Amino acid sequence: MTPLVLLPGMMCDARLFGPQIAAFGARALHLPSLIGADTVQGLAAQTLAHAPLRFALAGLSMGGIVAMEIIAQAPDRVTHLALLDTNPLAEAAEVKARRAPQIAAVQAGGLDRVMRDEMKPNYLTHGPNRAAILDLCMDMALALGAEVFVNQSLALRDRPNQQETLRRVTVPTLILCGRHDALCPVARHALMHSLIPHSTLHIVEKAGHLPTLEQPEQTTAALTRWLEA
């Protein structure tokens with residue numbers, strides 16, 4: 001059974017994949033934290049240094065961005081690729097302009113405020129578990145802390161455009177996103193699907209940026225089909 005590496009989004013940890021970890025318990029799971037480097041290239045190299053020789057790779061949001069860089073650095077090590085609620089493009093200028101004020105606020109002790117007021121409102125669509133999932137997002141962010149926020153912000157700000165990387169992907173590929181993802185909209189995933197013609201595009205209904213938690217059964221089912229390809 002091929003090991004599965006799961007890469008979480010910005011200021012998230014393995015709890016982002018809690019339902020999937022429960023479902024895939026029999027599979028060898030590797031759950032790296034995206035900490036310890038302030039570039040996407042460094043985070044990818046760090047992940048590769050501790051990953052199995054060959055593995056299936058799934059990343060959500062920032063995790064997907066790092067997954068694309070892993071494919072760029074070591075395509076022969078990845079057997080399957082899943083890109084969830086993510087973006088293959090370099091950071092847009094208007095988003096980049098917000099990074100410095102956010103970093104300054106977090107360095108001044110405002111991590112909880114930045115997460116509560118500027119980050120979390122963009123994560124989820126409306127649903128019965130919205131409040132509990134937002135509380136979990138805050139718990140994950142505060143557990144990781146200000147230094148990780150700064151490093152991850154810098155990595156995202158300076159990330160490369162990965163469209164050429166995706167054109168070279170040959171392994172079974174799932175591209176999945178929530179229908180109502182405001183951060184990485186459906187159009188970004190349609191673009192990735194066009195760059196990898198053999199990929200499968202799956203839109204999760206009644207979900208925003210975190211379908212692993214918002215619609216876990218539908219997301220886990222899509223991932224299961226992908227792993228069996």
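The values are calculated or read from the model by the stated rules, or taken from the named source; none is laboratory data. Fair warning: this is a prediction, and the values are worked out from it, not measured in the lab. Methodologically, a virtual Cβ is constructed for each residue, glycine included, from the backbone with ideal geometry; neighbour enumeration extends over all protein chains shown.
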Completion exercise
Residue pairs qualifying under the 7 Å Cβ cut-off, at least six apart or on distinct chains, with the first in the range 182-202 being more than 24 Å from residue 228 (Cα to Cα) and the second being in a helix (DSSP H, G or I), are 182/122; 183/122
Completion exercise
Of those in the range 1-40 that are free of Cβ contacts under 8 Å to residues at least 60 places away in the same chain and assigned to a helix (DSSP H, G or I), the residue farthest from residue 219 (Cα to Cα) is 14
Handout entry: Qualifying residue in the range 62-74 (condition: part of a loop (DSSP other than H, G, I, E, B), of a type in the set (D, E, K, R) and either under 14 Å from the mean Cα position of the chain (by Cα) or within 14 Å of residue 10 (Cα to Cα) (or both))
Key = no
Exercise for the section: Determine if the range 95-105 includes at least one residue that is under 28 Å from residue 191 (Cα atoms) and touching a Cys at 6+ places or on another chain (Cβ under 7 Å). Expected result: no
Practice task
Please enumerate the residues belonging to the range 187-217 that are touching a strand residue (DSSP E or B) at 6+ places or on another chain (Cβ under 7 Å) and under 23 Å from residue 96 (Cβ atoms).
Solution key: 189, 192, 208, 209
Completion exercise
Being of a type in the set (Lys, Arg), modelled with pLDDT of 95 or more and either touching a His at 6+ places or on another chain (Cβ under 9 Å) or under 20 Å from residue 228 (Cα atoms) (or both) narrows 54, 15 down to just 54
Problem - Odd one out for residue 45, checked against (1) within 18 Å of the chain's Cα centre (by Cα); (2) buried (at least 18 other Cβ atoms within 10 Å of the Cβ); (3) in a helix (DSSP H, G or I) - result: (2)
Fill in the blank from the handout: Scanning the range 165-203 for residues that are in contact with a Ser or Thr (Cβ under 9 Å, 6 or more places away or on another chain) and basic (Lys, Arg), the one farthest from residue 126 (Cα to Cα) turns out to be 188
Exercise for the section: Would you check if there is a residue in the range 159-174 being in a loop (DSSP other than H, G, I, E, B) and among the hydrophobic types (A, V, I, L, M, F, W, C)? Expected result: yes
Exercise for the section: Please give the number of the condition residue 156 fails out of (1) under 17 Å from residue 40 (Cβ atoms); (2) more than 16 Å from the chain's Cα centre (by Cα). Expected result: (2)
Handout entry: Number of the condition not met by residue 107 [criteria: (1) within 27 Å of residue 193 (Cβ to Cβ); (2) more than 16 Å from the chain's Cα centre (by Cα); (3) in contact (Cβ under 8 Å) with a residue 12 or more places away in the chain; (4) surrounded by fewer than 18 Cβ atoms within 10 Å (Cβ to Cβ)]
Key = (1)
Handout entry: Of the criteria (1) over 27 Å from residue 226 (Cβ atoms); (2) not in a helix (DSSP H, G or I), which one residue 121 fails
Key = (2)
Practice task
Pull up the range 204-219, narrow it to residues that are charged (D, E, K, R) and part of a loop (DSSP other than H, G, I, E, B), then point me to the one that is farthest from residue 123 (Cα to Cα).
Solution key: 205
